[in-house]
Structures are given as C-alpha cells and as structure tokens.
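Trainee: What follows is a single structure, and I will ask about it in a moment.
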Amino acid sequence: MMAKNRQSSSREIPEVPFAAPAGTPAGVEVMSLADLRGRVPERILAQPQRPDFHHLLALTSGDLRHTVDFAGHVLRPGSWLWVRPGQVQQWGALTQAEGTLILFRQEFLDAATATAARIDDPHAPVVSTPVAEDAEALDLAVEHLSREFRALGHLPLDVHLATVPVGSLAPEPDETYLRFRDAVERHFTRTRRVEDYAHMLGYSARTLARATLTAAGLSAKEFVDRRVVLEAKRLLAHSDRTAAQVSDQLGFAHPSQFSKYFLHRVGRSPIGFRDVVRGRAEDDGPG
C-alpha cells in the first residue's frame, strides 16, 4: 500500500503519510495508474486527502479530472500533474486514464535538482503541457525511471528523480512577479492591498498589475485575494477552527468582514463551505 490515511473523528481532511513498499529506495515510488486502481479503492481516491509527499503524474492516454486545492483540472495525454505536499487533492474516475505516477518525498531530491525544479514554489502550475522537445525528454526519463523501479532489488542505490527534468514543467516568471508572489506569501495575513505590496517592493501598483497579469493571467488584487481564500479554505477544511478564529488568523478586523469577503468570492459562507467539503451539505446553497 502506498499510503495510509489518518482518520479524524471530526471529519477533517486526512493527511496521508508516505509509505514506500519494502525493498524499494526510501522516499520514492513509481507506479502506473492501473497499479493505483488495483491498490486503492475508487471511493478512497475520490475523497479529499492531503498528502505529505509529491505526486508527479504523466498522463499517456485517456482523460482525467483531478481536483487540487478545491480547483478542478482536466488532464489530456501529454499533460503533467504536480501535486505538492500540503495541497488537498481528489482523484476523478481513473477507469479511462493511463499514465505513470511518481510519488516522492522532498528530501529524496538532491539540493541542485530541488532548486532547479522550484520544488518549494506554492504557486507553480498544477497542470503543465511541455513543448515538444521537453516532452520527449520527460517521456524518456520517466520510462527509464519506471523500468529501474520495477527492477526493485536490482535498482541501483544512487538512482534519483534528477533523471526527470522536472524544471521543464515550470518555466521561470520574471523577477517583478516573483518578488510580488513571495511578498504575498509572507504578508497576505497582514494586508490585502496591492498598494501596500507596491510600496514595500518599490514598484508602482500598475507595474505589479502588468507583471501579475503576464505571469499568472489575473490582476494583482485577484492574486492576493485567491491566496487569502485558499488559506481560508485550507483552515476550514483541515481543522475545526471556528469562522471567527479563521478570520482572526487571516488578519480580518471582524468575523463578519471575513464572512462577507469569503461569501462574495466562494459563493458560500465559511461554515457552509466546510460542510460541503466534508460531505455533510452537498445540496446547500450559498449562506
């Protein structure tokens, strides 16, 4: 079994620890989607889970719907899915999809590979479709890694994920966007104003807006708001904090302000969202 769920009586989204099969290198596992279907019941895969390890999936045939941090994605052949530790995921139906799934812990990578792949980037795209040359290199690397892993006892001890050029999946944005993105990650619980970020970084708000639109395809304000909403969703889904406690943690002046902010952007109240995620109120409307 690749992992075991830690169940919670409060129906929090379970964290999934990594557990590689006996006789394989610590910190990595390679399997096909057919293997996954045979080992984990579909009802378990369809439930929200929060793994503490990386999922890197190369889809080779069929279509696959996958939800990551409450956002739905559709994968086609040639697509790559990268779910990072701490993100919430739900698998769609696997019956019509085939591909190779690489599970690995972050410490499995050498420092140079981890840096090149921007493995700590919380804003890296979940789904990527590499261009032709990169796609060919990635396919060859995955085939090689899969064959070596299947050898099990014959697997050389020095094999590692550096054989897969994962940096091809995440092209580097420009410096202005990167500085803004990192500032938001550090300060989104303190301010939601683009003008504040512009001031602390020494840019104009218009410069941040252009850079964010080019790199992320959305306005700078929307970028900040999405990060706040994502954190709110994670806190509501992963814990039994009250809406007032989540509001305070995210820097809102009053719980009612947070509730109005969340409802406007999500279409449900904070507690209504929690109920839906935990499967208790599938038919509830906003509020």
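Trainee: Plugging the Kirkwood radius over Cα pairs into Stokes-Einstein for region 165-270, at a temperature of 37 °C and a viscosity of 0.692 mPa s, what D comes out in µm²/s?
Mentor: 222 µm²/s
Trainee: According to a simple spin-label model (label point 7 Å from Cα along Cα-to-Cβ), what is the distance in nm between His73 and Thr60?
Mentor: Rounded to a tenth, the inter-label distance reads 2.0 nm.
Trainee: Whole percent per 5 Å bin, from 0 to the bin with the longest distance: what is P(r) over all C-alpha pairs of region 54-151?
Mentor: 2, 12, 22, 26, 22, 13, 3, 0
Trainee: Would you please give the FRET efficiency between His254 and Glu42, computed as 1/(1 + (r/R0)^6) with r the Cβ-Cβ distance and R0 = 30 Å, to the nearest 0.05?
Mentor: The pair His254/Glu42 has a calculated efficiency of 0.10.
Trainee: Roughly what would the spin-label model give for Glu195 and Glu133, points 7 Å off Cα along C-beta, in nm?
Mentor: 4.7 nm
Trainee: Next question. Run the dipole for region 38-150 about the Cα centre, Lys and Arg Cβ at +1, Asp and Glu Cβ at -1, nothing else charged, and hand back the magnitude in debye, nearest 20.
Mentor: Here region 38-150 has a charge dipole of around 480 debye.
Trainee: Given Cα positions, please report Rg to Rh for region 47-103, the hydrodynamic radius being the Kirkwood one.
Mentor: 0.93
Trainee: Report the gain in length on full extension from Ala244 to Arg147: 0.36 nm times residue separation, minus Cα-Cα distance, nm rounded to one decimal.
Mentor: Contour length minus the Cα-Cα distance gives 29.8 nm.
Trainee: Follow-up. Just how far, in whole angstrom, is region 181-250 from region 24-75 if you go by their alpha carbon centroids?
Mentor: 28 Å
Only the coordinates and a few stated rules stand behind these numbers; no lab work does. Note that the structure is predicted; figures quoted are calculated from it, not measured. Note that each Cβ is placed from the backbone with ideal geometry, even for glycine, and that neighbours are counted across all protein chains shown.
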